[in-house]
Amino acid sequence: MVRFLIRRLLGGIFVVLVVTLAVFVLFGPVLRWNSNISPARLYAGKNPSPEQIERVSALLGLDKPYYVQYGYTLKRLVLGPSQEERERVCPGSTAAECDELLGRFGSSFAKQRSVDSLIWTHFPVTLSLTFVAAILWLLISIPIGIISAIRPRSIFDRVTIVFVLIGQSLPVYYFGLLALYFLAYRLGWFPLSGYEPLSNPGQWLYHLLLPGLVLALQFAAIYVRITRSQMLDTLSEDYVRTARAKGAGETRVIVRHAFRNAMLPIVTMFGLDLGLLLGGAILIEVTFGLQGLGWLAVQAAQRLDVPTTAGIVLFSAIIIVAANIVVDIVNATLDPRIRLE
Amino acid sequence: MSTVEQFEDMKTEGMVLARTPRQLAFARLRRDYVALASLVFIILLVLFALAGPLFESWTGHPVNKSNSTGVDDYTLLPVGPLHGCANGLASVGERACFVLGASNNLGYDMLVQLSFGARTSLIIGIVATFLTMVVALLLGVIAGYVGGWTDTVIARLMDIVAAFPFLLFAIAASVAFGASLWFVILIIALFSWFYPGRIFRGEVLSLRNREFVTAARMLGASNSRIVFRHLMPQLIGPLTVYASLSVAGAIAAEAALSYLGFGLPLEIPSWGRMISDAVPGGLYINAPFLMVFPGTLLVFTVLAFNLLGDGLRDALDPRGGTIL
């Protein structure tokens, strides 16, 4: 088990390294070569003079060769900003003040804040949305998937198939706009946009219910499909027949014997999807005006706020890798055969 | 007389006629009304996209051109469907009728924009799918056939790409590379090849130790002959299925990027951007048709390619599951 963990962990670190390199190349050489925009010019503000750009360039360490910059970026990501950079970027301020300005992911161009603090301000919104959506989609999809599998080719099953197909082809933002128009505007059941912090649980849920539901229905389509096909597979297994032969009740057969064994791929997918969503449910957040990580990424990219965009990509890559590792551990615990691979 | 009719004839005479797998597949596809309807929709969509210049000259509203008559003087909203059509559908010029209304608050003609948007979607869908399939075939076949650490490296690469957040990375990359048609096509292909690639790899893995491959090798066939003459033909089935599904995916991905305002330059019409044009200031609240026309077309297009791919899968491999 320990060897298995170490191997997965090393694999994860390698993926994060690949992502940092990709992001660094994208926002360093590619950006410069492609649009002649240097980060220093962006950071220096409106219509900077060449001297100002040079000064900012030195301030941010952008006058060094790329490989030095990349090495430093990595070091800062792991160890936090160095004392030398702190003194350079925020001279004469306390450590706490400087943390507000400069973090592991660097410092935002658009706002006088560290990317870290921006991420942590916006992350709770994404976390809340993911939480509400995940509960809804599991509650919707698993019962439907099981019932469909118990009665294949019934009317219920056929109606489900149609909904799954539509759910898979309906762009989530268009679905969101339709929901906003009909349910929020015409019927007035939900607010049109915005987010309320968890300190007011009622309002929190009220504002997240519609976006959560829209997101959930899209995922539910996929989960119904997986649950149904997994259940169909396990229901035809020998051990299910054996259980029936021993006189187990139908509910017991379905829940204890079939569903338990059908769960593994669902757990896997659930973990990976959670990771993906926590990195920013971009389309839903933008459509519903929820100021989460995805929304922040779009805002930052529109303003050419390079460190913030890069920071969010990295952050979400780390979350996804972590989700992958957790899923591997959970799978290995649930199914001991996996470790032998 | 087609082979199927021939077959029907022979059947009435009480004879049995052997049919090739391809004939069987076509026969099955002919009975799949959902897949046929999807195919008809796609053909109509292609015609609709080709008719762009016709719509331009017929309405007198060039693509990407603002028309003062397309915006209501009092409400400042884009005009609705059939605006100015009282004097007949084909009244030309500035006074011409807006059959489907205007598409944004600059007074672009919805019909014309939709038609040129269809071109964009189809071009991106087809070119990105072509690239996706080339890469997927190449890497999938190499991984499956060569095996060993080559396989390990390629399989890991597939895992990494699969775990990447596509939209987030595409947005970041579009900041660095700037907006262009090729950028959108390449970024979509870059993030889509892994799925068909895994399928092709799996197919080749299961085929390479089969008797017919061993037999070919025993007869002295070279690796390239085995791959191209014996393995590749077996992949045509999955290739057509995943090509169709991949077109749907690429069209949806482009629309999502354009909805967020990244990827395509403004002069290329896009359904995704048309939907996003309805958002600022809650325009869609007062004029829902702004999002409903491009949105519905997008849904049906993605659905049609998905259903066609599904129908193809059923036709080519009746043992395999359907979409469910």
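Once you charge only the Cβ atoms, +1 for Lys and Arg and -1 for Asp and Glu, what is the size of the charge dipole of the protein assembly as shown about its Cα centre, to the nearest 20 debye? Write down the numbers at each step before the final one.
Numbers: 50 positive and 42 negative charges, 375 e Å.
I would put it at about 1800 debye.
Rg over Rh for chain B works out to 1.08, using Cα positions for both radii and the Kirkwood form for Rh. Label-to-label distance for B:THR20 and B:ARG156 is 4.3 nm, based on points extended 7 Å past Cα in the beta-carbon direction.
If you place +1 on the Cβ of every Lys and Arg, -1 on the Cβ of every Asp and Glu, and leave all else neutral, what size is the dipole of chain B about its Cα centre, to the nearest 20 Debye? All intermediate terms of the calculation are to be shown ahead of the outcome.
Numbers: 20 positive and 20 negative charges, 243 e Å.
Dipole of chain B, to the nearest 20 debye: 1160 debye.
Chain A against chain B buries an accessible area of about 3700 Å², both chains summed, 1.4 Å probe radius.
Using a/c under 1.5 as the rounded threshold, could you call the range B:106-173 rounded, prolate or oblate? The axes a ≥ b ≥ c are square roots of the C-alpha gyration tensor eigenvalues, and prolate needs a/b larger than b/c, oblate otherwise.
On the way: a/c = 6.59, a/b = 2.31, b/c = 2.85.
Oblate.
Accessible area drop of at least 30 Å² (1.4 Å probe, protein heavy atoms): which residues of the range B:158-182 qualify, relative to the chain alone? Residues losing area: B:ILE160, B:ALA163, B:PHE164, B:PRO165, B:LEU167, B:LEU168, B:PHE169, B:ILE171, B:ALA172, B:VAL175, B:ALA176, B:PHE177.
Tell me which DSSP H helices of chain B clear both cut-offs, 24 Å or more of axial length from alpha-carbon atoms and a mean Kyte-Doolittle hydropathy of at least -1.0. Each step should come with its number before you reach the end.
Values: long enough: B:33-50 (25 Å, 2.96); B:110-146 (52 Å, 1.94); B:232-260 (40 Å, 1.18); B:289-316 (40 Å, 1.45).
The answer, listed by residue number, is B:33-50, B:110-146, B:232-260, B:289-316.
In loop segments of the range B:211-252 as defined by DSSP, there are no trypsin sites (Lys or Arg not before Pro) with at most 14 further C-beta atoms inside 10 Å of their C-beta. Checking every one of the trypsin sites (Lys or Arg not before Pro) in the range A:211-281 against DSSP loop status and a limit of 16 other Cβ atoms within 10 Å picks out A:LYS246.
Assuming 0.36 nm per residue, please report the length gained on full extension of the stretch A:VAL255 to A:ILE166 beyond their Cα-Cα distance.
Numbers: separation 89, 0.36 × 89 = 32.04 nm, distance 2.84 nm.
Gain on extension, A:VAL255 to A:ILE166, equals 29.2 nm.
For chain B, carbon and sulfur atoms together expose 67% of the accessible surface, with a 1.4 angstrom probe and every protein chain in place. Taking the 1.4 Å solvent-accessible surface of the range A:117-340 as the whole, the part contributed by carbon and sulfur is 66%.
Distance from the alpha carbon centroid of the range B:163-230 to that of the range A:241-297 works out to 28 angstrom. A dipole drawn for the range B:197-322 from +1 and -1 charges on Cβ atoms has a positive end, and of B:SER258, B:VAL204, B:LEU245 the residue lying farthest that way is B:VAL204.
When only alpha carbons are used to place a centre, the range A:15-32 and the range B:263-313 end up 32 Å from one another.
Per residue of B:292-299, other chain Cβ atoms within 10 Å of the residue Cβ number 3 on average. For the segment A:167-179, counting C-beta atoms of other chains within 10 Å of every residue's C-beta and taking the mean gives 6. Among the lysines of chain A, pairs at least eight places apart or on separate chains and with Cα atoms under 25 Å apart come to 5.
Each peptide in A:318-325, B:147-154, B:51-58, A:179-186 was scored by the mean count of other Cβ atoms within 10 Å over its residues; highest first, the order is A:318-325, A:179-186, B:51-58, B:147-154.
Looking at the range A:177-286, the GluC sites (Glu not before Pro) that sit in a DSSP loop and have at most 14 other Cβ atoms within 10 Å of their own Cβ are A:GLU237.
Accessible surface for B:TYR145 stands near 40 Å², nearest 10, in the context of the full protein assembly shown (1.4 Å probe). Derived from the Cα gyration tensor, the three semi-axes of the equivalent ellipsoid of the protein assembly as shown are 42, 36, 28 Å, largest first. Ordered from highest to lowest accessible area with the whole protein assembly present and a 1.4 Å probe, A:ASP238, B:ASP72 read as A:ASP238, B:ASP72. Projected label points at A:ARG55 and A:LEU264, each 7 Å from Cα along the beta carbon direction, are separated by 6.4 nanometres.
Tell me the per residue accessible area of the range A:117-340 using a 1.4 Å probe; a whole number in Å² is fine.
Numbers: 10000 Å² over 224 residues.
Per residue, the range A:117-340 has an accessible area of 45 Å².
With each label modelled as a point 7 angstrom along the Cα→C-beta vector, the A:LEU139-B:VAL40 pair spans 4.2 nm. Hull volume per residue, based on the alpha-carbon atoms of the range A:117-340 and their convex hull, is 153 Å³.
The values are calculated or read from the model by the stated rules, or taken from the named source; none is laboratory data. In this text, all values refer to a predicted model and were calculated from it rather than measured experimentally. Here the Cβ is made from the backbone with ideal geometry for all residues, glycine too, and neighbour counts use every protein chain on show. SASA here: full protein model, heavy atoms, side chains in, ligands and nucleic acids out. Shrake-Rupley method; radii C 1.70, N 1.55, O 1.52, S 1.80 Å.
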